[in-house]
Structure formats: structure tokens, C-alpha cells
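**Student:** Below are the C-alpha cells for one structure; questions will follow.
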Amino acid sequence: MILNIGCGDANLYECFKERKLIVSCVRVDILHPLLNAARTTIMGDPNVSLIQDDSDRLDKVKKEYDIAIYCHTIEALCSPKGSLLKARKLAKEIVIRSFEPPEFETDAVELRNKDVGEGKEVPYIRRKMSRDYYRLILSKIGCTSVDVYPDGTSKDQVHELQYKA
Ligand SMILES: C[S@@+](CC[C@H](N)C(=O)[O-])C[C@H]1O[C@@H](n2cnc3c(N)ncnc32)[C@H](O)[C@@H]1O
């Protein structure tokens, strides 16, 4: 069972579908317009539930998960640390895909606008995380090492967090 945090319009669902992967998945996002778009994407798939919740709290997410996946989400969170602490309690594994891998010297946060359809825009943040901050928050969740999988076609990186046995 997968927990997809910050699912947006369920892009990841399309990736699973293209690869014919059938997995039970709970997809969470804070924004209703994006969850409405996700509802259209999943087309009533009974394996998928959509939940509106704040990734810092995840109060509405009750089960235990095999994997929590952040796909292009960690850079958009006000509190990556709060969210990762919560995800650590809910899931056995955490996988993070970033388009801004945490390799910067300093932390920077930019405010942008996102078109959410129906002529509406919502503000969102785009974070560039320093290596030091990333290491600090991973240490807070008991992560001892990170397996890094670069994506040859973009600057994306996929990080699989490892914990002590
Ligand atoms: C850049 S989008 C990525 C969406 C999707 N995962 C993808 O790969 O297309 C970042 C997402 O994080 C969501 N998000 C931002 N802050 C959040 C929060 N506090 N709790 C839950 N979702 C949040 C946004 O609403 C948005 O859908």
C-alpha cells in the first residue's frame, strides 16, 4: 500500500498505469482543485483513494503504508521536516523524487503561482534545499543513509531513505 504525499493531479498514477502497475494507493494533497483533477485522472479506480490533508499533519491518513512517496513535492512544502516526521510514523519506507535535488550551499524559497484550472491561480513555494538542511531533517527521522538514483533524462533525483535495522 502506497501513500502518495502531495499527489497534485495524480501524475504518478499515469506513470503506474503506463507500466501496468496495479497498486493500492492513498493520494493526499492540500488543494481541492488539484484533487478534483486527480479524481478525473483516476477515473473511479477502486485501488485509489484521494484525501485532502496537510502533509504536516496527515491526520486523516490512518493506515500503515509500505512506502510513502514524495514526487516533486518536498520542494513545495513549507515544512519538509514536519511532513517527513509524520510520514516516518506512517510508512515503512520513504522515497523522495525531486526536481531540485538538495545539493545547494544555502536554503532558498521562492513564491510562485500555479494555474489550477478554471481560471484560478494559487500561490505555492519552490524550495531549493541545502545539503546541510536535508541531512539535518533526515537525521531527525532516523535516516542513516540515502540511496540516490539519478534520472538520466533530467536533473531529477530519486532518493530511497535507509534506516537502522
Ligand atoms: C509541484 S506539485 C507536484 C504534484 C505531483 N506530485 C506531480 O509530480 O505532478 C507539488 C504538490 O504539493 C502539494 N502540496 C504543497 N504543500 C502541501 C501540503 N502542505 N500538504 C499536502 N500537499 C501539499 C501541492 O498542492 C502540489 O500538488
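The values are calculated or read from the model by the stated rules, or taken from the named source; none is laboratory data. As the structure is a computational prediction, the values presented were derived from the model and not from experiment. Virtual Cβ from ideal backbone geometry, glycine too; neighbours counted across all protein chains shown. The protein model used for the area step is the full one, side chains on, heavy atoms only, and it has no ligands, DNA or RNA in it. Shrake-Rupley method; radii C 1.70, N 1.55, O 1.52, S 1.80 Å.
**Student:** Quick check for me: using +1 on Lys/Arg Cβ and -1 on Asp/Glu Cβ, what's the dipole size of region 25-115 about its Cα centre, in debye to the nearest 20? Let's see the in-between values first.
**Tutor:** Details: 14 positive and 16 negative charges, 102 e Å.
About 480 debye.
**Student:** What ranking do 99-106, 79-86 get when scored by the average of other Cβ atoms within 10 Å per residue, highest first? Walk me through the numbers on the way to the answer.
**Tutor:** Numbers: 99-106: 15.6, 79-86: 19.0.
Top of the packing list down: 79-86, 99-106.
**Student:** Provide the net charge surrounding E64, with neighbours chosen by a C-beta distance below 10 Å and charges set as Lys +1, Arg +1, Asp -1, Glu -1.
**Tutor:** Details: positive: K62, K63, K89, K92; negative: D66.
It works out to a net charge of +3.
**Student:** Positive end of the dipole of region 2-163, charges at C-beta (+1 Lys, Arg; -1 Asp, Glu), about the Cα centre: which of N36, I22, L85 has its Cα farthest in that direction?
**Tutor:** L85
**Student:** Let me ask something additional. Starting from the Cα of K155, step 7 Å toward the Cβ, then list every residue of region 95-121 with an amide N under 11 Å from that point.
**Tutor:** Residues 99-104 fall inside that zone.
**Student:** Which whole number in µm²/s is D for region 2-163 by Stokes-Einstein, with the Kirkwood Rh taken over Cα pairs at 4 °C and 1.567 mPa s? Please list the in-between numbers first.
**Tutor:** Details: Rh = 16.2 Å.
Once the numbers are plugged in, D ends up at 80 µm²/s.
**Student:** Could you sort the peptides 65-76, 12-23 by per-residue average Cβ neighbour count (10 Å cutoff), highest mean leading?
**Tutor:** Working: 65-76: 20.7, 12-23: 12.7.
Descending mean neighbour count gives 65-76, 12-23.
**Student:** Looking only at region 2-163, where both bridge partners belong to it, what percent of the DSSP beta bridges are antiparallel (to the nearest 5)?
**Tutor:** On the way: 20 of 40 bridges.
Counting DSSP beta bridges with both partners in region 2-163, the antiparallel share is about 50 percent.
**Student:** Which value, in debye to the nearest 20, describes the size of the charge dipole of the chain about its Cα centre when Lys and Arg Cβ atoms bear +1, Asp and Glu Cβ atoms bear -1, and nothing else is charged? Display every interim value, and only then the final one.
**Tutor:** Working: 26 positive and 26 negative charges, 105 e Å.
Charge dipole of the chain: 500 debye, to the nearest 20.
**Student:** Still on this structure, I have one more. Over 17 Å, how big is the tail of the calculated P(r) for region 1-57, in percent of all Cα pairs? Each step should come with its number before you reach the end.
**Tutor:** Details: 428 of 1596 pairs.
Considering region 1-57, 27 percent of its Cα-Cα pairs are separated by more than 17 Å.
**Student:** Net charge near A37, counting Lys/Arg +1 and Asp/Glu -1 over other residues with Cβ under 13 Å of its Cβ?
**Tutor:** Values: positive: R27, R39, K114, K120; negative: D9, E14, D29, D115, E118.
Every neighbour counted, the sum reads -1.
**Student:** Answer with one residue from G8, V158, S139: the one whose Cα lies farthest towards the positive end of the charge dipole of the chain, charges on Cβ with Lys, Arg +1 and Asp, Glu -1.
**Tutor:** Working it through, the farthest residue towards the positive pole turns out to be S139.
**Student:** What is the percent carbon and sulfur in the accessible area of the chain, measuring with a 1.4 Å probe over the protein chains and ignoring ligands?
**Tutor:** Values: 4850 of 9330 Å².
Answer for the chain is 52 percent, counting heavy atoms of protein chains only.
**Student:** Could the peptides 151-157, 2-8, 27-33, 122-128 be put in order, highest first, of the mean number of other beta-carbon atoms found within 10 Å of their residues?
**Tutor:** On the way: 151-157: 11.0, 2-8: 24.3, 27-33: 19.1, 122-128: 14.3.
Packing proxy ranking, top to bottom: 2-8, 27-33, 122-128, 151-157.
**Student:** While we're looking at this one, here's another question. Under a Cβ-Cβ cut-off of 11 Å, what is the net charge of the residues other than Y124 that fall near it, where Lys and Arg count +1 and Asp and Glu count -1? Please report the intermediate quantities before stating the final value.
**Tutor:** Values: positive: R112, K114, R126, R127; negative: E75, E110, D115, E121.
My count for the surroundings of Y124 gives 0.
**Student:** Report relative contact order for region 1-134 in percent, whole number only (criteria: Cα-Cα under 8 Å, sequence separation at least 6). Display every interim value, and only then the final one.
**Tutor:** Working: 255 pairs, mean separation 29.7, N = 134.
Computed over region 1-134, the figure is 22 percent.
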